[in-house]
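Below: the structure, in structure tokens.
The values are calculated or read from the model by the stated rules, or taken from the named source; none is laboratory data. No experiment lies behind these values; they were computed from the predicted model shown. Don't worry about glycine lacking a Cβ; one is built from the backbone with ideal geometry, like all the others, and counts go over all protein chains shown. Remember, those area values only see protein heavy atoms, side chains included, never the ligands or the DNA or RNA. Shrake-Rupley method; radii C 1.70, N 1.55, O 1.52, S 1.80 Å.
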Amino acid sequence: QVQLVESGGGLVQAGGSLRLSCAASGSIFSINAMGWYRQGPKKQRELVATVTSGGNTNYADSVKGRFTISRDNAKNTVYLQMNNLKPEDTAVYYCFIDNAPRLVRSWGQGTQVTVSS
């Protein structure tokens with residue numbers, strides 16, 4: 001089994017920054033994509049950002065220019081640097097990894113990010 005442990009969430013004022021981390025452990029063969037989703041109050045879960053094993057990144061339009069995703073393959077960890085946070089970024093943030101060779105997706109437990117106006 002694979003375990004993902006998230007950290008870094010919290011309460012921040014609008015315009016502030018937070019850095020989320022997600023460390024994977026357990027039965028990891030090779031990680032393909034890693035990334036983050038979020039689910040705000042009364043909203044559907046939405047993709048925030050992804051990073052492939054080759055370092056290619058993809059972002060939701062709503063976070064482009066403000067969020068940066070990165071990964072440390074040696075530590076099986078993915079990060080999300082969030083700058084210039086807005087109240088609409090308030091959500092529970094979930095990390096995921098796609099574990100090769102079958103690309104089975106595993107999820108973190110979620111971390112709350114609250115941005116006050």
The chain: most fluctuating residue of Ile97, Ile69, Ile31 per GNM, C-alpha cutoff 10 Å: Ile31
Round to the nearest 0.05 the FRET efficiency obtained for Glu46 and Gln3 when R0 = 25 Å and r is the Cβ-Cβ distance. 0.55
Under 10 Å, Cα contacts only: if you run a Gaussian network model on the chain, which one of Gly54, Gly40, Gly16 comes out with the highest mean-square fluctuation? Gly54
To the nearest 20 debye, what is the magnitude of the charge dipole of the range 25-73 about its Cα centre, counting +1 on the Cβ of each Lys and Arg and -1 on the Cβ of each Asp and Glu? 260 debye
Unit Cα scatterers, Debye sum, the range 1-68: log10 I(q)/I(0) for q = 0.25, 0.27, 0.29 Å⁻¹: -1.38, -1.42, -1.43
Neighbourhood net charge (12 Å Cβ-Cβ; Lys/Arg +1, Asp/Glu -1) for Ser62: +1
Point-charge dipole on Cβ atoms (K/R +1, D/E -1) for the chain, about Cα centre, debye to 20: 80 debye
With Ser53 itself left out, Lys, Arg at +1 and Asp, Glu at -1 over residues whose Cβ is under 13 Å from its Cβ give -1
Share of the range 22-91's accessible area from carbon and sulfur, percent, 1.4 Å? 45 percent
Note on the chain: contact order normalised by length, alpha-carbon pairs under 8 Å, 6 or more apart, percent, works out to 37 percent
Would you kindly work out the equivalent ellipsoid of the chain from its C-alpha gyration tensor and give its semi-axes, the square roots of five times the eigenvalues, largest first in whole Å? 24, 14, 12
Full-stretch length increase - Glu88, Leu11 - with 0.36 nm per residue and alpha-carbon distance subtracted: 26.4 nm
Whole-Hz couplings from phi, Karplus 6.51/-1.76/1.60, listed for the range 64-70; x for Gly and Pro: 4, x, 10, 10, 9, 9, 8
Karplus (6.51, -1.76, 1.60) ³J(HN,Hα), θ = phi - 60°, over the range 75-85, in Hz, Gly and Pro reported as x: 9, 6, 10, 10, 10, 9, 8, 10, 10, 6, 5
